[in-house]
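Some notes on the structure that comes next.
The values are calculated or read from the model by the stated rules, or taken from the named source; none is laboratory data. Here the structure is a predicted model, which means the values were calculated and not measured. Backbone-built Cβ (ideal geometry, glycine too); neighbour counts: all protein chains shown. Protein only, heavy atoms only, side chains kept; ligands, DNA and RNA dropped before computing areas. Shrake-Rupley method; radii C 1.70, N 1.55, O 1.52, S 1.80 Å.
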Amino acid sequence: MGMDYSSMDQWILGEDSFDPTHLGKCEAVMSLGNGYLGLRSATEEKYLGETRDLLINGTFDRFDESEVTELPNAADVTAMELWIDGERFSLDQGSHTGYRRELNLRTGELTRQVEWTSPRGSRVRLRFRRIVSLKRLHDIALEVCVTALDQPVSVKLRSGIDARVTNTGTQHFAEGEKRFYEKKYVQLLETTKESGITFVLNAVHRFARNGAPLELATDVNIDRRVIYADYTVELAPGDTFTAEKYANVYTTRDLDCAGLTVPQLQEKTLDDLKESAALGYAALAEESAAQWREEVWDRAPVEITGGEKSRMDLFSLRFAQYHMRLMLPRHDNRMNIGAKGLSGEGYKGHCFWDTEIFLLPYYMFSDPEAARKLEEYRYLSLPGAHRKAEENGYRGAMFPWESAWLDDGETCPLYMGTDILTGTPIKVWSGIIEQHITADVAFGAWQYITIAGDEDFLEKYGYELIMDTATFWASRLEPGEDGRYHINDVVGPDEYHEHVNDNAFTNYMACWNLNKAIEYYQQLQTENPALLRKLEEKLNLTEAYPRWVDGAEKIYLPQPTAEGILPMDDRFMNGQEIDLSKYKNQEFVAGIMKDYNLDQIQHLQVCKQADCLVLFYLLEDRFPPEVKRASWAYYEARTIHDSSLSLSTHSVQAADMGEMEMAYDLFRRAAAIDLGPYMGTSDAGIHAASFGGVWQCVVYGFGGVRMLNGKLRIEPHLPEGWDSLAFTLMWKGQKLQVRAGRDGSATVENLTGTAPVTVTLNGVEVQR
């Protein structure tokens, strides 16, 4: 299989050959969605080894007490199998020419075309089109065209709704009612076993021959977990048969269906399907494309000019923006973004620190309304954070490492993978001791409040969230013999080192969290004592506040060595050094796990991603330049980037230090995590946070954008091969247009113009 990105001015992702042994790549990277639903782009015809996923955001279910909750794979509505003169259409039999599959990022439409010769010699041309509507969140539309080339052919189409799907073998649904209304409208119900969510799926077909509407006899079949119909049509040479399929999916958890009984939901969804089908495929595709333009390409445009290299770079960024809209639940604040978005079953749809640290910046600077919903999700999930803290013997809000539905609490599995030496399951400690997530959530809320200037969020949710998390940290601190407080037995962002003490990232971020809560407490004392009294009653601040102050004053913060290197934890720098060139240059991740088990890696100087460099990235002005540079040199040499989150962070840091060649190389590698030639990297789904990282490479790294102490800084430095960079930022309700040149020049224009904005531009404070 080969891909190209060069056509139509960096908007088209194309596949120019079909490889049945590597289906997962295109299924994931060409997936469709709208934040409510995600549709993996399996082909209409079925193949061995495919993964046909239809995932509905927020519909988590637990199959068994021994498993964790996950997004269930809903019934398949996209299969449309064809027989040509009695032979099943499949690209792994017969022969084919002119194959091309394309995803248009601008419009969100997936197309495919091919000329196929059956084993017996029947020749047809096929064209497929598909959208998930961005305008109508529940709607999916498909079109299949079959043209007889040089002889008459008989075409049979089989299509319907197939609930015989699983999550890698786990069946989450109890079978429900199946109906065929008016010999035209297909309806299937299924209900999740543990969470009790009913899904209602509908489908209908429209047919034409040579553009003229066509009524076909219907052969209806209803079987266990499936309902479908067969349709047959005869074509003369040159005739084209067109089948359009319209489908929708709703659930009893949907906000827009709140209060409806299941029978009412059945009626509503069927009426909605009839309305959409009456518009036709072309109209639905057009209105969805217009929504893409409004919500993404006009809202957050980015332009890069330069040589051929810059064309691919611009495509990579647009590809990232495309996927960041697919995964965004803009419609509902009760859900967040999974580590694979909605493109696959990897990580079970769970939300991590990825959202706050890697994805939230894009939304804050482009779509503050959506960013607020993501932050409201964290506030609404506080009950689960309280429960986790209590279960672990702490106070306040201890956020889950993996988060799903609001009240699920911790959803991280206990075991995953196999020890290469012992053959036993590897225990996942992240859900127990990777606790920096709590400070990350607080940091994300503060970033949003500051960048959006959202005082309403701060008063309703922000103060409470940041104070509640500070209370956790105050209870987490452990007194040491040195008179300082320590945080022992944790995992930092570098997950290759477990059960460490005084992890620099964790300690500094906990300290930041405590100090921010103190700052807000003191602010409320003078500015809003009435609100402070309410929070004191709810959070017991009379007791909590002195604990914050004591913790912030006495927490142990690792200090740089004589060489200026910040120790990552209490033991990393004493570990054994090995030659990492094999692992730094490998074409796949986690290769080191084939040579060492995790217990052995604990004692090596090797990083999955470097804690300290992420820390310098978030708290940039907390550390002097010489410490950042010395630490960069030390840790970059020991980092093998086995985390998809690592490359972009290192790229931004390199750009900040003027190491532009390395910054650009790391950016290109980050962009290739899903777009690159390695065919197995995306099988379980795309790497959601890496897309936020790609945007940050461009805007934070090369664009030099940063929010520091509540102020906006812009200091661009473009890589070789770029002549100019232009992008927009939302800052405190104003939309700013930033333009940067190869010579270091930069301009900022306030496109909104309803309030003045102060920006530090290339070291000079200006007002726009």
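Which percent of the accessible heavy-atom area of the range 594-716 goes to carbon and sulfur, probe 1.4 angstrom? If you can, show how the numbers build up before the last one.
Values: 1880 of 3690 Å².
About 51 percent, which is the carbon plus sulfur part of the accessible surface.
Using alpha-carbon positions, what is the distance between the centroids of the range 324-369 and the range 452-507, in Å?
23 Å
Would you kindly find the accessible area of THR758, with a 1.4 Å probe and non-protein molecules such as ligands, DNA and RNA excluded, rounding to the nearest 10 Å²?
Its accessible surface works out to 60 Å², give or take rounding.
Apply the Karplus parameterisation 6.51 cos²θ - 1.76 cosθ + 1.60, with θ equal to phi minus 60°, to every residue of the range 370-380 and state each ³J(HN,Hα) to the nearest whole Hz, in sequence, with x for glycine and proline.
Along the range 370-380, the couplings run 5, 4, 4, 4, 4, 6, 4, 4, 5, 5, 5 Hz.
If you fit an axis through the alpha-carbon atoms of helix 463-476 and take the longest principal axis of the Cα set of the chain, what angle between them do you get, 0 to 90°, nearest 10?
Taking Cα atoms only, the helix is inclined about 60 degrees.
Per residue of the range 228-243, what does 6.51 cos²θ - 1.76 cosθ + 1.60 with θ = phi - 60° give for ³J(HN,Hα)? Whole Hz please, x for Gly and Pro, Karplus curve as stated.
Karplus-based 3J(HN,Hα) across the range 228-243 equals 8, 9, 9, 10, 10, 9, 9, 10, 7, x, x, 6, 10, 9, 10, 10 Hz.
If the only charges are +1 at each Lys and Arg Cβ and -1 at each Asp and Glu Cβ, what is the size of the charge dipole of the chain around the Cα centre, to the nearest 20 debye? Mind showing how you got there, number by number?
Details: 79 positive and 117 negative charges, 303 e Å.
That gives the chain a dipole magnitude of about 1460 debye.
Counting Lys +1, Arg +1, Asp -1, Glu -1, what net charge surrounds GLN151 among other residues with beta carbon under 15 Å of its beta carbon? Intermediate values should be presented prior to the final figure.
Details: positive: ARG120, ARG123, ARG125; negative: ASP85, GLU87, GLU115, ASP150, GLU234, ASP239.
Combined, the nearby Lys, Arg, Asp and Glu give -3.
How big is the range 438-587 along each principal axis, measuring the range of its Cα positions in Å and listing the largest first?
60, 42, 25
Taking the range 423-464 on its own, what percent of its Cα-Cα pair distances exceed 17 Å?
Numbers: 414 of 861 pairs.
Pairs farther apart than 17 Å: 48 percent.
Helix 262-279 versus the longest principal axis of the chain: what is the Cα-based angle in degrees, 0 to 90, to the nearest 10?
70 degrees
Along the charge dipole of the range 439-566, Cβ charges K/R +1 and D/E -1, which of PRO558, PRO493, TYR521 sits furthest on the positive end?
The Cα lying farthest towards the positive end belongs to TYR521.
For the range 445-461, in order, what is each residue's ³J(HN,Hα) by Karplus, 6.51 cos²θ - 1.76 cosθ + 1.60 with θ = phi - 60°, in whole Hz (x at glycine and Pro)?
Each residue of the range 445-461 in turn: 4, 5, 4, 4, 4, 6, 5, 7, x, 8, 5, 5, 5, 4, 6, 6, 9 Hz.
Count the net charge of all other residues whose Cβ sits under 10 Å from the Cβ of ALA229, scoring Lys and Arg as +1 and Asp and Glu as -1. Don't skip to the answer; put the middle values down first.
Values: positive: ARG158, LYS183, LYS184; negative: ASP219, ASP230.
Net local charge, ALA229 excluded: +1.
All other residues with a Cβ under 13 Å from the Cβ of MET467 taken together, and with Lys, Arg as +1 and Asp, Glu as -1, what is their net charge?
That works out to -2.
Once each part is reduced to its C-alpha centroid, what is the distance from the range 401-424 to the range 140-154 in angstrom?
Each part's Cα centre sits 47 Å from the other's.
Past 30 Å, Cα to Cα: identify those pairs from LYS25/LYS348; LYS584/LYS732; LYS25/LYS711; LYS25/LYS584; LYS373/LYS735, in the order given. Intermediate values should be presented prior to the final figure.
On the way: LYS25/LYS348 18 Å; LYS584/LYS732 41 Å; LYS25/LYS711 41 Å; LYS25/LYS584 23 Å; LYS373/LYS735 20 Å.
Correct reply: LYS584/LYS732; LYS25/LYS711.
Just the number please: accessible area per residue for the range 448-522, 1.4 Å probe, all protein chains included, in Å².
Ligands and nucleic acids excluded, the figure is 28 Å² per residue.
Compute the helix-to-body angle for 529-539: its Cα long axis versus the longest principal axis of the chain, expressed 0 to 90° and rounded to tens.
Here the helix axis deviates by roughly 80 degrees.
Only bridges whose two residues both fall in the chain count here: according to DSSP, what percent of them are antiparallel, nearest 5?
Approximately 95 percent, going by the DSSP bridge assignments.
Hey, can you find the accessible area per residue of the range 226-307 for me, probe 1.4 Å, expressed in square angstrom?
Counting only protein heavy atoms, the per-residue value for the range 226-307 is 40 Å².
Specify whether the C-alpha gyration tensor of the range 234-311 places it in the rounded, prolate or oblate class, a ≥ b ≥ c being the square roots of the eigenvalues: rounded for a/c under 1.5, otherwise prolate if a/b is larger than b/c and oblate if not.
Oblate, since a/c reaches 1.5 and b/c is not below a/b.
Counting helices only, and only those DSSP H runs with n ≥ 4, report the 222 nm mean residue ellipticity of the chain as the sum of -39,500 (n - 2.57) divided by its residues, in deg cm²/dmol to the nearest 500. Write down the numbers at each step before the final one.
Details: 20 runs with 233 residues, N = 768.
Computed mean residue ellipticity for the chain: -9500 deg cm²/dmol.
Which log10 I(q)/I(0) values does the range 564-696 give at q = 0.11, 0.12, 0.20 Å⁻¹ under the Debye formula, counting every alpha carbon as one identical point scatterer?
Those come out to -0.40, -0.47, -1.27, one per q.
For the range 37-123, build the charge dipole from Cβ charges (+1 Lys, Arg; -1 Asp, Glu) around the Cα centre, then report which of ALA79, LEU54, GLN93 sits farthest towards its positive end.
GLN93
Per residue, how big is the convex hull around the C-alpha atoms of the range 503-566? Give it to me in cubic angstrom, could you?
So the per-residue Cα hull volume is 90 Å³.
For Cα Rg over 2.2 N^0.38 Å, the choices are (i) 0.92; (ii) 1.60; (iii) 0.99; which was calculated from the structure?
(iii)
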